[in-house]
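Some notes on the structure that comes next.
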Amino acid sequence: MEGIRMEVISLNVGKPVTVDYRGKPLETGIYKLPAEGPVRLHALGFDGDGQADLVNHGGVNRAVCVYPIEHYTFWEEHLGRKLAYSAFGENLTVSGLLETEVCIGDVYEIGTALLQVSQPRFPCFKLSQKHGANDMPAKVLSTGYSGFYFRVLREGAVGAGDTVVKVESGEGTYSVRRVLKAMEVGRKDKTDLRELAELGTLTDEIRDDFKKWLERE
C-alpha cells in the first residue's frame, strides 16, 4: 500500500430489491448506488442502506462492506465490460486497502468515523446473479479479491474523497486474505485455526466455525 493514497473512491448505499434469479424472486441488497456528500454512519450501517440476508450480511460486526478499486480492472477484463462503483455490493469502494495487507483488527479513521476490520467478505451466489457469471464466487476465492467488513467503533459521517487513516494495527498479523483462505479450506486444513479461533477482533460467527472445525480433529 506504500505510495498509494488510501481514500474512499465512492460511498454506496441502497435498500434491498427483488430481482430474478433462475426464474425465482430473490431479495438482495447487492444493488447499491453512489451517494452524494457525506452520509451518516451508525453502528448498524449507513443511512439509506440495508441488507436482505441478515444472517450473512449486516449487524454490528459487518456494518460496512469494503472493496478495493484496484481489483476492478481484473473483473472488467474477466466480465468483458466496464463496471460501475459498488459492483460487489460494497458500501465503500476504496483505494490502497488490499486484502493481502489489511489485517483483522486494524483500525481506520474515515471522515469522522472510526472503523475496525472484522472479517473477510465471503463470496456467495448473488455475485453470479448480479454479473451473469456462474464462476464469480469461485473466482473470488481463487484470486483472494474478496473485500472485507468493518465494525463501527465511533459513529460519524463518511463521504467520497475522504482520506483513510490507519490509527492502530490489529493483534497479530492475520491479513484478510489469510483469514479468507482459512474460511475456505479450514474444514480440512487446520493451519491457523487454533490462533484465529482466539482472535478477539475476528467476528464471533467465524471464530465459532473455526472452533467447531477444530473439535472435529
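The values are calculated or read from the model by the stated rules, or taken from the named source; none is laboratory data. Worth saying up front: this structure is predicted, and the values here are computed from it rather than measured. Cβ sites come from the backbone with ideal geometry, for glycine too, and all protein chains shown count toward neighbours. What goes into the accessible areas is simple: the full protein's heavy atoms, side chains included, and nothing from ligands, DNA or RNA. Shrake-Rupley method; radii C 1.70, N 1.55, O 1.52, S 1.80 Å.
Would you confirm, using the coordinates I've provided, whether R187 is touching a Phe, Trp or Tyr at 6+ places or on another chain (Cβ under 6 Å) and loosely packed, with under 15 Cβ neighbours inside 10 Å?
In short, yes.
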Filter result for E2 (among the acidic types (D, E), at pLDDT 95 or above and within 25 Å of S169 (Cβ to Cβ)): no
Those residues of the range 33-45 which are open to solvent by 100 Å² or more (accessible area, probe 1.4 Å) and in a loop (DSSP other than H, G, I, E, B), in sequence order: E36, P38, L44
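I want to confirm something. Restricting to the range 160-217 and keeping residues that are out of contact with any Ser or Thr (no Cβ under 6 Å at 6 or more places or on another chain) and hydroxyl-bearing (S, T, Y), which single residue is nearest to G144 (Cα to Cα)?
This residue is Y174.
Determine whether V167 is open to solvent by 70 Å² or more (accessible area, probe 1.4 Å) and either over 20 Å from the mean Cα position of the chain (by Cα) or among the aliphatic types (A, V, I, L, M) (or both). I'd like the intermediate steps shown before the answer.
On the way: open to solvent by 70 Å² or more (accessible area, probe 1.4 Å): yes; either over 20 Å from the mean Cα position of the chain (by Cα) or among the aliphatic types (A, V, I, L, M) (or both): yes.
Answer is yes for this residue.
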Members of the range 73-102 found to be surrounded by 22 or more Cβ atoms within 10 Å (Cβ to Cβ), in a strand (DSSP E or B) and either modelled with pLDDT under 95 or in contact with a helix residue (DSSP H, G or I) (Cβ under 9 Å, 6 or more places away or on another chain) (or both), listed by number: T93, V94
Selection within the range 42-62 - farther than 14 Å from K15 by Cα, in contact (Cβ under 8 Å) with a residue 40 or more places away in the chain and not basic (K, R): H42, A43, N56, V60, N61
Helices (runs of 4 or more DSSP H) fully within the range 149-217 counting 3 or more residues that are touching a Pro at 6+ places or on another chain (Cβ under 6 Å): 176-185
Top-ranked residue in the range 17-32 [being outside any loop (DSSP other than H, G, I, E, B) and free of Cβ contacts under 8 Å to residues at least 40 places away in the same chain; ranked as nearest to S86 (Cα to Cα)]: V17
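Hey, any hits in the range 5-15 for a residue that's closer than 28 Å to R154 by Cβ, small (G, A, S) and open to solvent by 30 Å² or more (accessible area, probe 1.4 Å)?
Taking every residue of the range 5-15 in turn, none turns out to be closer than 28 Å to R154 by Cβ, small (G, A, S) and open to solvent by 30 Å² or more (accessible area, probe 1.4 Å).
Let me confirm something: among A52, A63, which residue is touching a strand residue (DSSP E or B) at 6+ places or on another chain (Cβ under 6 Å), modelled with pLDDT under 95 and either closer than 24 Å to R177 by Cα or buried (at least 17 other Cβ atoms within 10 Å of the Cβ) (or both)?
A52
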